[in-house]
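Enquirer: Starting off with a structure, shown below.
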Amino acid sequence: MRFTCSVLASAIAFSGFASTYYVSPTGSDSNPGTEAKPFKTIGAAFTITNSGDTVTLENGVYSGPGDVDLILNETTITINSLGGAANAVIDCAGSSSHNHHFLTLTGDGAPSDPSSVTGITIKDAYTSSNGGAINLGTSFLLVSACVFTNNFGNNGGAVYSDASSGVQISNSTFQGNEASSSGGAGHFQGPLILSNCMFANNSSQYSGAIYSSGTSTLSDCSISDNTTGGGGIVENDSGAGMQIQSCAFTHNTTNGNNGTLLNYSGQMTVSDSTFIGNTDVSGGGAVSNQQGSMVVASSIFANNSAPYGGAIYNNAVLKLLGCSMTANCATSGSGGAIYADGGSNLTMADDVLWQDSAPNSAGTAEIANRGTIAVEYCDVALGYAGTGNIKVNPVFVNAAQGNYMLQNTSPCLEAGIAVAGLTTDYTTRLRHNPPTMGAYEIGSDWTVVGTAAGPNDGKRVLWVSVEGQAWLWKISSTGQVTSGKYGPSLGYQPVAVAAGPDDHSYIVWQYASGGIDVFNIGASVTSAHYSVASNYSFNSITVSADNVVHITWQSKQGQLWIWNIPPTGSITYQDYGPYN
């Protein structure tokens with residue numbers, strides 16, 4: 001009886017193991033699929049895989065029956081390669097007369113349990129249906145380090161996913177793919193995450209590279225030299241929204257008020273991105289915001305062109321925050337940088353618009369407005385009515401060479417206004433308060449907030465960073481500097497410094513409510529909290545030779561209240577006028 005139970009337990013444990021099957025162009029489908037005796041075709045491996053298994057491709061080209069037009073129904077399968085995408089190639093050899101694609105993936109997969117494809121090239125697929133290379137239905141897929149090239153489909157030249165599917169793609173290249181309808185590289189109706197991918201020379205009738213009608217996120221992607229007959233190169237058509245961060249859109253071409261980046265409907269946010277040299281034959285060379293709402297922050301628009309709205313066409317709700325726009329051109333109409341149509345609700349703050357042009361429409365080199373617009377704290381070459389606006393040379397480092405950073409002598413330095421949605425610049429550096437106009441923050445991240453004389457002719461200097469970190473310098477009589485950094489502490493801001501006996505330093509951190517923490521920094525760090533009535537605020541701190549801390553508070557009426565805090569014993573107080 002003990003022997004029988006032992007065998008049963010072993011069988012159950014073994015059945016839970018995932019298997020790896022190997023495939024090689026020089027293998028045989030009569031082999032067991034081991035690394036030493038691999039299958040010849042991918043399809044042969046698929047016939048015996050179970051959920052959780054892996055199919056590994058050895059170096060070579062895979063083409064023809066058994067390697068293309070595959071259907072996989074398992075919930076979770078991993079397809080990878082030994083040598084990476086340069087050495088494992090799926091050649092679908094498709095054409096208009098001989099349709100072939102790589103893979104249709106179906107099943108009851110879940111976002112938490114996706115299949116994956118890693119390190120392969122899929123090329124020359126051709127299908128009159130959707131998804132030239134990969135078609136997803138009711139399944140979820142991770143794609144990494146893959147190359148999709150010269151594939152053709154109806155919707156989704158390379159990849160198609162329906163509304164019940166989801167895709168996450170990273171470190172992959174889409175080049176030369178084409179869709180007869182939409183999504184030259186990919187047509188995605190379900191959730192989409194793209195990171196560190198390149199899209200180049202893709203094309204379609206609509207949405208030259210990416211069409212998305214589900215929740216989508218694009219980060220660190222390059223989108224260049226794509227074309228479309230309609231729609232954008234990247235199109236959002238979803239109320240669920242699209243988020244774009246640190247992406248580069250260069251030299252794309254669109255046709256008819258669509259922009260390289262099209263927000264056709266729903267929500268879209270763009271940050272830390274560049275739009276360089278894009279064109280449209282009607283309006284909005286770089287961006288077209290048709291419906292819904294859009295926020296663009298800390299981004300660069302240069303050398304984009306269209307007959308009107310050289311960089312941006314807007315007919316909906318749009319916020320431009322901390323952007324740099326230069327050398328954009330409305331080739332035959334108005335709005336060299338921005339064309340705000342009749343349905344436009346445009347808000348601008350902390351932007352730079354410089355040397356844009358509209359040669360046939362005088363006075364609209366930067367902005368042409370037919371809707372509702374509010375412009376504040378912006379540098380606009382022709383000037384624009386609004387609080388804090390200027391019209392001076394922003395002093396780019398070298399715009400001719402594509403460097404749109406500002407020199408430290410720029411009049412835009414800290415000339416903006418702090419606004420919600422603008423916390424970092426193009427390089428993700430924290431913005432100052434007030435921020436610098438344009439995409440780049442300039443100047444030091446550190447500000448001196450206090451100095452103090454110490455014993456033996458020593459000095460203290462307290463710096464605070466834009467994120468609230470304290471940097472304490474102790475300067476000896478000979479000029480030698482020792483330093484230490486403290487914090488930041490959530491809700492507290494360093495505001496003052498004092499020097500005491502025994503080489504101690506005292507940093508005052510003030511809370512938003514007015515209370516303070518005093519840090520006594522010697523061989524160790526101790527702290528004490530003090531607070532007063534709301535009509536008083538912290539004024540200064542000193543420390544006497546007998547280690548008594550003196551804190552001065554000031555009332556709204558100008559009265560001083562000095563606290564004397566000895567190392568031991570009771571606190572004493574003095575009040576000093578004025579009195580009414």
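The values are calculated or read from the model by the stated rules, or taken from the named source; none is laboratory data. Computed from a prediction, not measured in an experiment: that's the story for all the values here. Glycine gets a Cβ as well: all are built from the backbone with ideal geometry, and neighbour counts include every protein chain shown.
Enquirer: Of all the strands (runs of 3 or more DSSP E) wholly in the stretch 505-546, which have at least 1 residues that are modelled with pLDDT under 90 and in contact with a Ser or Thr (Cβ under 7 Å, 6 or more places away or on another chain)?
Expert: Details: elements: 505-511, 516-521, 525-530, 536-543.
Those strands (runs of 3 or more DSSP E) span 536-543.
The rows are residues; the columns are (1) at positive phi; (2) at pLDDT 95 or above; (3) of a type in the set (Val, Ile, Thr).
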| position | (1), (2), (3) |
| --- | --- |
| Gly322 | yes, yes, no |
| Ser332 | no, no, no |
| Asn345 | no, yes, no |
| Asp356 | no, yes, no |
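Enquirer: Further question on the same structure: Could you list all residues from the stretch 197-225 that are farther than 15 Å from His187 by Cα and among the polar types (S, T, N, Q)?
Expert: Listed by number, the residues that qualify are Asn201, Ser219, Ser222, Ser224.
Enquirer: Sort out which residues of the stretch 496-517 are crowded, with 17+ Cβ neighbours inside 10 Å, within 25 Å of Gln557 (Cβ to Cβ) and touching a His at 6+ places or on another chain (Cβ under 9 Å), and write them in order of number.
Expert: Within the stretch 496-517, Ile516 is the sole residue that qualifies.
Enquirer: Identify, please: which residue in the stretch 457-486 is small (Gly, Ala, Ser) and within 36 Å of the chain's Cα centre (by Cα) and is, among those, surrounded by the most Cβ atoms within 10 Å (Cβ to Cβ)?
Expert: The extreme case among them is Ala470.
Enquirer: So which strands (runs of 3 or more DSSP E) are wholly in the stretch 351-410 and hold at least 2 residues that are aliphatic (A, V, I, L, M)?
Expert: The strands (runs of 3 or more DSSP E) meeting that bar are 352-354, 367-369, 372-376, 403-406.
Enquirer: Here is a follow-up. Could you check the stretch 193-210 and list, in sequence order, the residues that are surrounded by 20 or more Cβ atoms within 10 Å (Cβ to Cβ) and either outside any loop (DSSP other than H, G, I, E, B) or charged (D, E, K, R) (or both)?
Expert: Leu194, Phe199, Ala200, Ser203, Ser204, Tyr206, Ile210, listed by residue number.
Enquirer: Test each condition in (1) within 19 Å of Gly232 (Cβ to Cβ); (2) in contact with a helix residue (DSSP H, G or I) (Cβ under 9 Å, 6 or more places away or on another chain); (3) of a type in the set (Ser, Thr, Tyr) for Tyr308 and report the one that comes out false.
Expert: Among (1) within 19 Å of Gly232 (Cβ to Cβ); (2) in contact with a helix residue (DSSP H, G or I) (Cβ under 9 Å, 6 or more places away or on another chain); (3) of a type in the set (Ser, Thr, Tyr), the lone unmet condition for Tyr308 is (2).
Enquirer: Restricting to the stretch 216-240, name every residue that is closer than 21 Å to Val167 by Cα and surrounded by fewer than 19 Cβ atoms within 10 Å (Cβ to Cβ). Before you say what the answer is, go through the steps one by one.
Expert: Filtering the stretch 216-240 for residues closer than 21 Å to Val167 by Cα gives 216-223, 232-240.
Across the stretch 216-240, the qualifying residues are Thr217, Ser219, Asp220, Ser222, Gly239, Ala240.
Enquirer: Out of all the residues in the stretch 473-511, which are within 23 Å of Ser537 (Cβ to Cβ), in contact with a Lys or Arg (Cβ under 9 Å, 6 or more places away or on another chain) and not aliphatic (A, V, I, L, M)?
Expert: Those that are within 23 Å of Ser537 (Cβ to Cβ), in contact with a Lys or Arg (Cβ under 9 Å, 6 or more places away or on another chain) and not aliphatic (A, V, I, L, M): Ser505, Tyr506.
Enquirer: Taking into account only those residues within the stretch 267-286 that are of a type in the set (Gly, Ala, Ser) and over 19 Å from Ser219 (Cα atoms), which is farthest from the chain's Cα centre (by Cα)? So that I can check it myself, show each step before the final result.
Expert: Kept after step one, since they are of a type in the set (Gly, Ala, Ser), are these residues of the stretch 267-286: 271, 273, 277, 282-286.
With over 19 Å from Ser219 (Cα atoms) added as a condition, the list becomes 277, 282-285.
Working: Gly277: 21, Ser282: 29, Gly283: 26, Gly284: 22, Gly285: 22 Å.
My answer is Ser282.
Enquirer: Which one of these does Ala381 not meet: (1) small (Gly, Ala, Ser); (2) in the same structural domain as Phe275 (by TED's automatic domain parsing); (3) loosely packed, with under 15 Cβ neighbours inside 10 Å?
Expert: Going through the list (1) small (Gly, Ala, Ser); (2) in the same structural domain as Phe275 (by TED's automatic domain parsing); (3) loosely packed, with under 15 Cβ neighbours inside 10 Å, Ala381 breaks only (3).
Enquirer: Check Asn289 against each of (1) surrounded by fewer than 23 Cβ atoms within 10 Å (Cβ to Cβ); (2) over 18 Å from Pro394 (Cβ atoms) and name the one condition it does not meet.
Expert: Only one criterion is unmet by Asn289, namely (1).
Enquirer: Let me ask another. Sort out which residues of the stretch 464-484 are within 10 Å of Asp445 (Cβ to Cβ) and outside any strand (DSSP E or B), and write them in order of number.
Expert: Residues satisfying the conditions are Val466, Glu467, Gln469.
Enquirer: Related question: From the residues in the stretch 529-545 that are out of contact with any His (no Cβ under 8 Å at 6 or more places or on another chain), in contact (Cβ under 8 Å) with a residue 12 or more places away in the chain and of a type outside the set (S, T, N, Q), which one is farthest from Leu560 (Cα to Cα)?
Expert: Out of the qualifying residues, it is Ala545.
Enquirer: Residues of the stretch 262-296 being in a strand (DSSP E or B) and closer than 22 Å to Ser357 by Cα, which ones?
Expert: Thr274, Phe275, Ile276, Thr279, Asp280, Gly283, Val287, Ser288, Asn289, Val296 - these are the residues of the stretch 262-296 that are in a strand (DSSP E or B) and closer than 22 Å to Ser357 by Cα.
Enquirer: Look at Ile390 and say whether it is in the same structural domain as Val270 (by TED's automatic domain parsing) and either more than 19 Å from the chain's Cα centre (by Cα) or polar (S, T, N, Q) (or both).
Expert: The answer is yes for Ile390.
Enquirer: Can you find a residue that is more than 17 Å from Thr482 (Cβ to Cβ), in the same structural domain as Asp457 (by TED's automatic domain parsing), crowded, with 19+ Cβ neighbours inside 10 Å and in contact with a strand residue (DSSP E or B) (Cβ under 6 Å, 6 or more places away or on another chain) anywhere in the stretch 528-536?
Expert: No: zero hits.
Enquirer: Which pairs do you get when a residue that is modelled with pLDDT of 95 or more, found in the stretch 400-421, comes within reach of a residue that is loosely packed, with under 13 Cβ neighbours inside 10 Å and not β-branched (Val, Ile, Thr), reach meaning Cβ atoms under 7 angstrom, with the pair 6+ apart or on two chains?
Expert: Sorted first by the residue in the stretch 400-421, then by its partner, the pairs are Ala418/Asn433.
Enquirer: What pairs can you find where one residue is in the stretch 434-456 and part of a strand (DSSP E or B), the other is among the hydroxyl-bearing types (Ser, Thr, Tyr), and their Cβ atoms are less than 7 Å apart, with a gap of 6+ or different chains?
Expert: From the stretch 434-456, the pairs are Trp446/Ser465.
Enquirer: If you don't mind, another one. Please specify each residue of the stretch 179-192 satisfying the condition of being closer than 15 Å to Ile223 by Cα and either of a type in the set (A, V, I, L, M, F, W, C) or assigned to a strand (DSSP E or B) (or both).
Expert: Ala185, Gly186
Enquirer: Here is a follow-up. Quick one: which of Ser410, Ser489, Ser444 is exposed (fewer than 15 other Cβ atoms within 10 Å of the Cβ) and polar (S, T, N, Q)?
Expert: Going through Ser410, Ser489, Ser444 in turn, just one is exposed (fewer than 15 other Cβ atoms within 10 Å of the Cβ) and polar (S, T, N, Q): Ser444.
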